[in-house]
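Here is the structure we will look at, set down as structure tokens.
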Amino acid sequence: MADSLETARDVLVREAVYLDEQRWDEWLALFTEDCEYWMPTWRTEDALTSDPQAEISHIYYANRAGLEDRVVRIRSGRSPASVPLRRTTHIVGNVLLAGAEGKSSMRLRSSWTSHVFDPHHKRTDVFFGHAYYELRRKGKAWLIAKKKTVLQNDYLPSMVDIYCV
């Protein structure tokens, strides 16, 4: 399992690097077709929303097609939220194995921070939190089947997008 955990950590680091370098196709390739990508909001100061279908979320995509659509809009230059595109630096750490189902899937928890520079407003924002992943083995590769991002500092000075967290 140690080799698998190292490989899984590599997936999380690659995700961060691909976002920072705007390598959208490689980033999308890290996700399964049926992936769920979710960033819930805080219902109260100490409780997150629990159902992306019934409650508000910062970000929610039910599958990779939703992520692909978002990337198309980012690349088009016609998404007001993405023009000009913010510059990011992601740092991922404290990656822990939270559980595994045989050799075909594993659950991970990580901590992250993202420094985001907005060239339009000449401002830097820092976002931070935890991420919960379910990775699924496909052949020799581990792919992201679920990602839940908990944004700890959710009083947002501006919008937050997939490449900011």
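Is there a residue being surrounded by fewer than 15 Cβ atoms within 10 Å (Cβ to Cβ) and more than 27 Å from residue 86 (Cβ to Cβ) anywhere in segment 8-22? Taking every residue of segment 8-22 in turn, none turns out to be surrounded by fewer than 15 Cβ atoms within 10 Å (Cβ to Cβ) and more than 27 Å from residue 86 (Cβ to Cβ).
To keep it simple, each residue is scored yes or no on (1) within 30 Å of residue 120 (Cβ to Cβ); (2) part of a strand (DSSP E or B); (3) touching a Leu at 6+ places or on another chain (Cβ under 8 Å); (4) of a type in the set (Lys, Arg).
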site: 7; (1), (2), (3), (4): no, no, no, no
site: 17; (1), (2), (3), (4): yes, no, no, no
site: 22; (1), (2), (3), (4): yes, no, yes, no
site: 27; (1), (2), (3), (4): yes, no, yes, no
site: 51; (1), (2), (3), (4): no, no, no, no
site: 59; (1), (2), (3), (4): yes, yes, no, no
site: 68; (1), (2), (3), (4): yes, no, yes, no
site: 74; (1), (2), (3), (4): yes, no, yes, no
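Selection within segment 117-154: residues that are assigned to a loop (DSSP other than H, G, I, E, B) and among the charged types (D, E, K, R). The member of this set that is surrounded by the most Cβ atoms within 10 Å (Cβ to Cβ) is 154. Give segment 84-125 a look and list any residue that's among the charged types (D, E, K, R) and within 21 Å of residue 23 (Cβ to Cβ), or say none. Once the filter is applied, which keeps residues that are among the charged types (D, E, K, R) and within 21 Å of residue 23 (Cβ to Cβ), segment 84-125 yields 86, 87, 118.
For every residue, the table says whether it meets (1) in contact (Cβ under 8 Å) with a residue 40 or more places away in the chain; (2) assigned to a strand (DSSP E or B); (3) of a type in the set (D, E, K, R); (4) under 17 Å from residue 31 (Cβ atoms).
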| position | (1), (2), (3), (4) |
| --- | --- |
| 84 | no, no, no, no |
| 94 | no, yes, no, no |
| 110 | yes, yes, no, yes |
| 159 | yes, no, no, no |
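Of the listed requirements (1) over 23 Å from residue 99 (Cβ atoms); (2) touching a Pro at 6+ places or on another chain (Cβ under 6 Å), residue 46 misses just one: (2).
Residue 39 satisfies every condition listed in (1) in a strand (DSSP E or B); (2) out of contact with any strand residue (DSSP E or B) (no Cβ under 6 Å at 6 or more places or on another chain); (3) surrounded by 15 or more Cβ atoms within 10 Å (Cβ to Cβ) except (2). Starting from residues that are hydroxyl-bearing (Ser, Thr, Tyr) and in contact (Cβ under 8 Å) with a residue 24 or more places away in the chain, keep the ones in segment 1-41 and report whichever is nearest to residue 75 (Cα to Cα). By that ranking, first place goes to 37.
Restricting attention to segment 109-134, and to residues there that are touching a Lys or Arg at 6+ places or on another chain (Cβ under 8 Å) and at pLDDT 95 or above, which single residue is farthest from residue 5 (Cα to Cα)?
Here is the first cut: in segment 109-134, the residues touching a Lys or Arg at 6+ places or on another chain (Cβ under 8 Å) are 116-119, 130-134.
After this cut, where a residue has to be at pLDDT 95 or above as well, the list is 116-117, 130-134.
Values: 116: 28, 117: 32, 130: 18, 131: 16, 132: 14, 133: 12, 134: 12 Å.
Restricting to residues being touching a Lys or Arg at 6+ places or on another chain (Cβ under 8 Å) and at pLDDT 95 or above, the top hit is 117.
Figure legend. Inter-residue proximity from segment 51-73: first residues among the acidic types (Asp, Glu), second residues surrounded by 19 or more Cβ atoms within 10 Å (Cβ to Cβ), beta-carbon distance below 8 Å, spacing 6+ or different chains. Indicated pairs: 55/40.
The values are calculated or read from the model by the stated rules, or taken from the named source; none is laboratory data. Given the structure is predicted, the values throughout are model-derived calculations rather than measurements. Cβ: placed from backbone, ideal geometry, glycine included. Neighbour counts: every protein chain shown.
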